[in-house]
Amino acid sequence: MNSLSAQEAFWDSTKETTDRALRFLTMREQPNAERARELYQQADQLFRAAAARANQTQRDAEAEGTEKKDFAQAAKIFARAADAQPGTALAQDAMFMQAESLFFSDQLPEAADVYERLNKEFPNNRHVDQAAARAFAISQYWIDTERATEDDWFKFNLFDPSRPRLDTEGHAVRVLDQIRYDNPTGRLADDATMAAAVEYMRQGEFETADEFLTDLRETFPESDHFFNAHLMGIRCKLELFAGPQYSGLMLEEADKLVKQTRQRFPDRLQDPATSEMVARAAAEIAFRRAEKLDTRAIFREKRSEYGAARLHYQKILRDYPNTPFADRARERLEAISGYPDAPAERVTAMVLKRIFPDSRQSPPLETKFNSSTGERNESIYR
C-alpha cells in the first residue's frame, strides 16, 4: 500500500471513529443495517395500528389523543431507523414515514422540516410528490388559520403544536417556496407559486407577489393558474405604480399585460364580469398615464417652457380624450396659446456668458519660437 492510500485509509478510519463517538455521546443509533430494519418494522406496526384506529367512525377525544401519541412515538422510532442506516433506501423511506407520523400527530412544523430535509438529503426521491402534497396542505392550513385569527392582538403561539410559535404566515410562504425549489417541475410547483403570490398580495407585499406571478407566467404556460396570473399581475403592477412624479415603467408593464390578456384569452373575456374587470384595469392605466402627462405639463408651465407643456397637453387630447385631464388640457392650451415656446434668456445667464465666453469664439493663444535657438520669444493672440 502506497503512502497516499495509507493516509486515506487512516482518515477514513478516524472519521468513522469520530462519528461513532459523536453518536454515542448524543445517544443516536450506531450504523447497523439489521437494527435499522428492526426499528423500521416496529415503527411501521405502530403507525398502521394508529392509522386503523383513526379510520374508525366512532371515536372520542380520548381515543384521538391515544392515536396522536402513537403517531408521535412512531415518528421517533422511524427517525432512529433512518439514523441507523443513513444514505440508504431504507433511510429515505424512514424519513418520509417519520414526516407522515409527525403530520398525523399534528406536529406540523416538525413535519414540514422533515419533508424539507428528505428532499435535501435525497434529491428526486420517490416520495417527492407525496411530500410536496403534504407540505402544500400544511402551508394552506397555516394560511387559513392566520386569516381566521388575523384580528387577534396576541400573535405568539404557546399551546398549539400544529402551528409555528410565531410568524405563521411567514413559515407558510417559506414552505411554498421550498416546494418550488425542491421540485420545480412537479405537479404542485405552479400551485405553490400561485398560493405564495396570493399570500404576498394579502400581506400587501405586491413587489414580491409580482415576482412570483411573473415566474408563473414564464415558467408554467400550461398551468390552470395562467389566466389568473395575468389578472393578478395587472393589479400588482398598478399597486406598484408610485405616482405621477415617478417612473411609468409599471404602467407600461400593466398595459402590456392587459393587451396580452385580451389576445390570449378571448374566450375568457366572453364572461361579462371578467371583461369588465379588464376594461376597468385598462381605464385605470389610461387615467394614470394622463395624470402623469398633466403633471409634466404643469411642471413645464411653471418653468415657462410652454412649447413642451403644449406637447404634453396635445398628447393627452390625442391619446386619452376620455379622461378628466382632457378638459383641463383644452383649457390650458387656449390659455397659453400666445406664449413663446421657450422662456426669454435670463439676466443671470447673460452675465455668465460675458464672464465665461464661449471657447469656440475666443482666439487661441499662440507662442512664437526662435527657430535657431529653440527658445520662446513671445506670446501673441492670433
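Any read-out appearing in this document is the output of simple, stated calculations on the displayed coordinates, not a laboratory observation. Keep in mind it's a predicted model, so treat the numbers as computed, not measured. Cβ atoms come from the backbone with ideal geometry, glycine included; neighbour counts cover every protein chain shown.
Annotations for the structure displayed:
- Each peptide among 291-298, 123-130 gets the average number of other Cβ atoms lying within 10 Å of its residues, and from highest to lowest they stand as 291-298, 123-130.
- Translational diffusion of the stretch 190-254 was estimated from the Stokes-Einstein equation, with Rh taken as the Kirkwood radius over Cα pairs; at 20 °C and 1.002 mPa s the coefficient is 182 µm²/s.
- Computed across the stretch 143-229, the Kirkwood hydrodynamic radius from all distinct Cα-Cα pairs reaches 13.8 Å.
- The number of Lys pairs in the stretch 254-319 with C-alpha atoms less than 20 Å apart, excluding pairs fewer than 8 positions apart on the same chain, is 5.
- Protection-proxy order for peptides 157-166, 39-48, each taking the mean of Cβ atoms within 10 Å per residue, highest first: 39-48, 157-166
- When the Cα atoms of the stretch 110-193 are aligned to their principal axes, the ranges along those axes come out at 42, 22, 15 Å in descending order.
- Here the Debye sum runs over all C-alpha atoms of the stretch 198-332 as equal scatterers in vacuum, and log10 of I(q)/I(0) at q = 0.11, 0.14, 0.21 Å⁻¹ comes out as -0.48, -0.71, -1.17.
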